[in-house]
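S.K.: Sending over a structure as structure tokens; questions will come in a sec.
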Amino acid sequence: MSNLIHAPARQRPVPIPIRDVLPWAVFSGIIAVLSIYFVGSEQGATSLISGHFLHEFVHDGRHFLAFPCH
């Protein structure tokens, strides 16, 4: 039996064009901004949704991210 180990040839990584990444980066940025808005600002002076349901839904997240709410 042989003690040789077959190692596959190393392949160079394939570059990803910016035009393929850009739509996902913009989408992720929009989702991040909306998430920060709903956790940080909703039920304040810039409230879009009336009532306290959304505030109570994200209440612990507000404290975790150091947003004051009371």
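The values are calculated or read from the model by the stated rules, or taken from the named source; none is laboratory data. Keep in mind that what you see is a predicted model, and the values were worked out from it rather than measured.
S.K.: Modelled with pLDDT under 80 and within 15 Å of the chain's Cα centre (by Cα): which single residue out of Leu48, Leu65 fits that description? First the steps, then the outcome.
M.R.: Details: Leu48 fails: within 15 Å of the chain's Cα centre (by Cα).
Unique residue meeting the criteria: Leu65.
S.K.: Something else about it: Conditions: (1) in a loop (DSSP other than H, G, I, E, B); (2) at pLDDT 70 or above. Trp24 meets all but one. Number of the miss?
M.R.: Trp24 satisfies all of (1) in a loop (DSSP other than H, G, I, E, B); (2) at pLDDT 70 or above except (1).
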